[in-house]
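Q: Sending over a structure as structure tokens; questions will come in a sec.
Each value in this text was obtained by applying a stated rule to the coordinates, not by laboratory testing. From a predicted model like this one, the values you see are computed outputs, not experimental measurements. Here the Cβ is made from the backbone with ideal geometry for all residues, glycine too, and neighbour counts use every protein chain on show.
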Amino acid sequence: MRRLIPTGEAACPVAFAQVSQPVPEPGEVLVEVEAFAPNRGETFLLERPRPGLLPGKDIAGLVVRAAADGSGPDVGTRVVGHPAQGGWAEYAAVPVHSLAVLPDSVDSARAAALPLAGITALRLLRTAGSLAGRRVLLTGASGGVGHYVTELAVGAGAELTAVTATPVRGERLAELGAHVVHEVAAARGPFDVVLESTGGSGLSLALSKVRPGGMLVWFGQASRTPVSLDFFQLLGGPENVTIQHFHYAGAPYAADLAVLVSLVEQDRLHPEIDRVTDWAQSAETLVDLRERRIRGKAVLRTGGAR
């Protein structure tokens, strides 16, 4: 079968290789991959790939071998999956605890765009707590996670301000009900909750927008610049603010994937997909994703399954 492997080259970060099909462990199914969606964080791993790195965490396709222990979906079932690695390939072994069955109404492109970004959004908002009537600030909002957070938070009754770099990147967020600004300084606080994903100088500025007793949840560092906080500067800001680190990872993922699929099926969640193309264009797409030339998600089709 064909698989994409890292090259370590910035201009062409992946190339095709001919390899053996993966052999599923007990509790895993073999999926013929129809579509996969890379994440910007994965593009950073390609810059200095560790030995044996097999990228790919977000896939959709068809079960072609059921789990040997009898768990999970049968052969012929359409699924969305979130394997630990190895999804940028014609076939992927996926644990049953990281799969959800797809209804006919949810196509593979939308399904592939769900796992990492969608699970992150769900778990991030659970961390933030009830949002009905609360003022929320979201930084770095125009990526895959940001679109999901915006739609889910507004749907839950939040008054959400989204920070994006440009008006074009904020158009869809405004349609989803967010108030869009293009720098943190322009956001009019105070906010009950700040969801911060850029790092660098943006975090300390966002922190100054939190109301006394409010919360800042730090879930990313898209700027790739370390954060620097000045304790004495904090003394002049809002009192008793909670800063909480957040990372989405931790299987099982099946229940959250099922929630996301159900929301899409009910027309209550709409993956923001900027590009759908053949996986022959993977290298170019990964570069564009890394350089933030893609709004929301990109999906690559392998031509497999149906």
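Q: Rounded, prolate or oblate, given the Cα gyration tensor of segment 110-174, with a/c below 1.5 counting as rounded?
A: The shape class here is oblate.
Q: Going by how many other beta carbons lie within 10 Å of each one, how would you line up TRP218, TRP88, fewest first?
A: TRP218, TRP88
Q: Next up: Provide ASP69, ASP267 in ascending order of the number of other Cβ atoms located within 10 Å of each residue's Cβ, fewest first.
A: ASP267, ASP69
Q: For the chain, take the longest principal axis of its alpha carbons; what is the angle in degrees between that and the long axis of helix 254-265, to the nearest 10 within 0 to 90?
A: 80 degrees
Q: Going by Cα centres, segment 119-182 and segment 258-306 are how many Å apart?
A: That distance is 19 Å.
Q: On to the next question. List ILE5, ILE294, ILE59, ILE119 from most exposed to least, where exposure is judged by having the fewest other Cβ atoms within 10 Å.
A: Result, fewest neighbours first: ILE5, ILE294, ILE119, ILE59.
Q: Averaging over all projection directions, find the projected area of the Cα convex hull of the chain and quote it in nm² with one decimal place.
A: Here the figure is 15.5 nm², rounded to one decimal.
Q: Per 0.36 nm of contour for each residue apart, how much would the distance between THR166 and ALA68 grow if the chain were fully extended, relative to their Cα-Cα spacing?
A: 30.3 nm
Q: Let me ask something additional. Given labels modelled 7 Å from the Cα in the Cβ direction, how far is it in nm from LEU235 to VAL23?
A: 6.5 nm
Q: Using label points projected 7 Å from each Cα along Cα→Cβ, tell me how many nm separate ALA11 and LEU205, to one decimal.
A: Spacing of the two 7 Å Cα→Cβ label points: 3.4 nm.
Q: Ok, one more. Using a Förster distance of 25 angstrom, determine the FRET efficiency expected from the C-beta separation of GLU284 and ARG48, and round it to 0.05.
A: After rounding to 0.05, the efficiency reads 0.75.
Q: Report the antiparallel proportion of the DSSP beta bridges in segment 181-306 as a percent, rounded to a multiple of 5.
A: Beta bridges within segment 181-306, antiparallel portion: roughly 0 percent.
Q: Next question, about the same structure. Give me the percent of DSSP beta bridges within the chain that run antiparallel, rounded to the nearest 5.
A: Around 50 percent antiparallel, to the nearest 5.
Q: Kindly rank 257-263, 107-113 from highest to lowest mean number of other beta carbons found within 10 Å of each residue.
A: Per-residue Cβ counts within 10 Å, averaged per peptide and sorted highest first, yield 107-113, 257-263.
Q: Going by Cα centres, segment 14-73 and segment 221-247 are how many Å apart?
A: Here the answer is 36 Å between Cα centres.
Q: Starting from the 7 Å offset along Cα-to-Cβ, what nm value, one decimal, do you get for the label separation of PHE246 and SER130?
A: Spacing of the two 7 Å Cα→Cβ label points: 1.8 nm.
Q: Then there's this: For segment 137-188, what mean projected area does the convex hull of the alpha carbons give, in nm²?
A: 2.9 nm²
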